[in-house]
Amino acid sequence: MRLLLIIPAFNEQASLGGLLAEIKALPTQAGVQIEAVVVDDGSSDRTQEVARAHGARVLRLCRNLGIGGAVQAGIQLAHREGFDAAVQMDGDGQHPPAELQKLLAPVTGGDAPDLVVGTRYRDGASQFRSTMLRRLGSAWLRGILRLVTRLRISDPTSGFRLYGARALRLFSDTYPYDFPEPESLAMARAAGLAVIEVPIAMRERQGGQSSISGYTSIYYMFKVTVAVVLAYLRTNRRARPDEAPDAVA
């Protein structure tokens with residue numbers, strides 16, 4: 001398996017070096033070839049220099065596109081270059097590389113899912129607790145996804161996830177831009193992709209500052225509620241990824 005680690009990063013010079021060092025120190029897994037790409041989302045700090053100094057491939061965007069644009073750029077790269085799968089992980093260090101094997105485990109068997117989401121809310125997997133507003137927002141989105149798409153998932157805002165070949169094909173063509181995690185789950189469900197989640201550990205940010213806080217969390221909750229419904233309805237009208245030609249990146 002050729003696996004691409006997609007690391008979207010916006011002004012993450014404080015945490016990126018430690019994350020890349022952890023990735024480099026991962027033990028070799030039989031049959032898995034891992035490459036990492038840092039998608040520099042128009043950073044104004046030394047994110048690009050730190051990434052190159054640690055031997056990572058860098059995809060530098062001409063301006064700040066936001067998390068969705070940065071992730072899709074990485075997905076398009078993975079799809080165009082024929083990677084078997086890709087893993088999205090944050091550049092702020094919240095997603096420990098040591099947990100990567102838990103995302104890989106379900107796709108090494110015969111009946112592999114298309115999208116594997118890492119959840120911090122099952123089986124006591126993570127000691128890290130987000131703010132009360134974020135937890136309430138996550139609970140609300142769980143209900144919306146179950147109501148609209150019949151998808152039962154405990155951590156709809158998790159950005160630690162693995163995309164299989166069909167998911168890469170779908171999302172290389174179209175991917176939500178603002179706060180894409182819940183919307184992309186609705187799209188995957190509407191397109192008939194197999195979505196599962198696995199318990200993983202997360203930790204506090206190792207540097208930088210979150211873009212969602214305070215009243216932004218309330219805005220996010222209502223905005224994404226509408227976006228999830230629209231994403232599901234729009235994708236339902238499109239050809240499913242196993243019926244459509246490959247997207248051209």
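Structural remarks
- Antiparallel %, DSSP beta bridges [both residues in the chain], to 5: 20 percent
- Close amide H pairs (under 5 Å, H built 1.01 Å from N) link Ala36 with Leu5, Arg57, residues at least 5 positions away or on another chain.
- The chain, relative contact order [Cα under 8 Å, separation at least 6], %: 24 percent
- Shape call, the chain: gyration tensor on alpha carbons, a/c limit 1.5: rounded
- Virtual spin-label span in nm between Val229 and Ser154, 7 Å along Cα→Cβ: 2.9 nm
- Here the simple spin-label model places points 7 Å from the Cα toward Cβ, and for Gln33 and Arg203 these points are separated by 3.0 nm.
- For Phe160, the residues 5 or more places off, or on other chains, whose built amide H falls under 5 Å of its own are Gly118.
- Over the chain, DSSP H runs of length four or greater, each weighted -39,500 (n - 2.57), average out per residue to a 222 nm ellipticity of -12500 deg cm²/dmol.
- At R0 = 51 Å, FRET efficiency that the Cβ-Cβ distance of Asn236 and Ala53 yields, to 0.05: 0.65
- Rounded to the nearest 20 debye, dipole of the chain from Cβ charges on Lys, Arg, Asp, Glu: 620 debye
Computed from the coordinates by the stated procedures, all read-outs in this text should not be read as laboratory data. What you are looking at is a predicted structure, and each value in this text was computed from that prediction instead of being measured. Methodologically, a virtual Cβ is constructed for each residue, glycine included, from the backbone with ideal geometry; neighbour enumeration extends over all protein chains shown.
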